[in-house]
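The block underneath contains the structure these notes are about, expressed in structure tokens.
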Amino acid sequence: MMVDLKGRDFLTLCDFTQEEISYLLDLAKRLKAIKKAGKLYQPLKGKNVALIFEKTSTRTRCSFEVAAHDLGMGTTYLAEGSQIGKKESIADTASVLTTMFEGIEYRGYGQAIVEELAKYATVPVWNGLTNEFHPTQLLADMLTMQEKLGEDLKGRKVVYFGDARYNMGDSWMVACAKMGIHFVACAPKKYFPDPELVARCEAWAKESGGSVSLIGDPKEAVKDADVLYTDVWVSMGEPDEVWAERIADLKTYQVTKELIDAAKPGAIFMHCLPAFHDRNTKIGQEIFEKFGIAEMEVTDEAFTSKNSVVFDEAENRMHTIKAVMAATLGVDPDRD
Ligand code: CP
Ligand code: NVA
């Protein structure tokens, strides 16, 4: 049956089938080819999307803006200065935005907020990152995996190092379970993902041929890995006070060149970015002054190694976000 995502929200990959996710990846590839060929594809001229950012962003904001403009749409950015959640409820905001926009992106805190927005909006709502999930990042990551390792994702092994109970760890576990990929969360026990989500993912993995493992030892986890993935140890919105504990807990889960070399030959290193791999950031410098560490979740050597595909991932954010907007707004260059 032909996949049709017109009118759907994009809140978490939990809501999507393997066939639907594969369709979005294929659509992203086709849209990327159009852009690379220097051709215009503007089927959504005259439409507008609202981009709500309650947390900071470089990649996601730029991707939504560029992708929307490429498709012919206008964008409105809402951040600090809006009434959302302060003077106006999420439900009322959804009702207001629905009258002016054809789609709404939301980046913020609890997943419940984006779900609430979607409940009251009558246009598609897209999750641009919540504490629990970052689904558009996963589409970019899987597209990059296909480009670097081959089209067939089934049977690949992804190891996630670090805080595996937050948005990136959760999202990877769901994506792998849906797509038939072997997922390993490599972390101290207290950073393992929520058991309820693990159980749901195990059930999906049973059907897809993937698997979910929770492993404490990085050397054991990395064996035969195709992808080594990590993310910041302290996420947006978390208090500064947690740094000391996170550094102590996650230091031994840092991705190094030695760890990459212990994986499958040709393995790739991925990171959603931004990354703390040197002292060239305000926070990186502050952490160095306070704790004496110059690199955090990934060493600079690993980050800049030939195995690292982090900037390809960043580019693919735009192509995959374009696919999400196109599909949910009902356009496809091969169907129009
Ligand atoms: N990876 C990612 O979401 O980056 P930004 O926070 O810059 O959007
Ligand atoms: N876990 C990170 C992801 C950033 C893209 C955060 O939420 O800050």
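What follows is calculated from the coordinates using simple rules that are stated; it is not laboratory data. All figures in this text were calculated on a predicted structure; none of them were measured in a lab. All Cβ positions, glycine included, derive from the backbone under ideal geometry; neighbour counts span all protein chains shown.
Our analysis of the stretch 46-195 gives Rg over Rh at 1.02, with the two radii drawn from alpha carbon positions and Rh computed by the Kirkwood formula.
Within the chain, the longest run free of GluC sites (Glu not before Pro) that sit in a DSSP loop with at most 13 other Cβ atoms within 10 Å is 152-336.
Over all pairs of different C-alpha atoms in the stretch 157-264, the reciprocal of the mean inverse distance, the Kirkwood hydrodynamic radius, equals 13.9 Å.
Considering all C-alpha pairs of the chain, those separated by over 25 Å amount to 51%.
Take the alpha-carbon centre of the stretch 132-177, take the same for the stretch 100-115, and report the distance between them in whole Å. Spelled out, the Cα-based centre of one part sits 22 Å from the other. Sorted into 5 angstrom bins from 0, the C-alpha pair distances of the stretch 276-336 split as 4, 16, 15, 13, 11, 11, 8, 8, 7, 4, 2, 0 percent. Building the convex hull from the alpha-carbon atoms of the stretch 10-73 and averaging its projection over directions returns 5.4 nm².
So for the stretch 255-310, considering every pair of alpha-carbon atoms, how many percent are separated by more than 17 Å? Tail of the P(r) past 17 Å holds 38 percent of the pairs.
The average projected area of the stretch 168-215, computed from the convex hull of its Cα atoms over all directions, is 2.7 nm².
Gain on full extension, evaluated as 0.36 nm per residue between Thr56 and Ser213 minus their Cα-Cα distance, stands at 53.3 nm. Cross-link pairs exceeding 29 Å between alpha carbons, from the set Lys189/Lys257; Lys189/Lys290; Lys55/Lys282; Lys206/Lys251: Lys206/Lys251.
Relative to the longest principal axis of the Cα atoms of the chain, helix 18-36 runs at roughly 80 degrees.
For the chain, the longest principal axis of the alpha carbon atoms and the long axis of helix 195-208 meet at an angle near 80°.
Over the C-alpha atoms of the stretch 59-129, the Rg to Rh ratio, Rh being the Kirkwood estimate, stands at 0.94. Selection among Gly292, Leu44, Ile84 by position relative to the dipole of the chain gives Leu44 as farthest towards the positive end (Cβ unit charges, Cα centre). Expressed per residue, the C-alpha convex hull volume of the stretch 210-336 stands at 166 Å³. Taking the charge dipole of the stretch 223-336 about its Cα centre, with +1 at Lys and Arg Cβ atoms and -1 at Asp and Glu Cβ atoms, the residue from His277, Pro265, Met236 reaching farthest to the positive side is Pro265. Between the helical axis of 310-328 and the longest alpha-carbon principal axis of the chain there is an angle of about 30 degrees.
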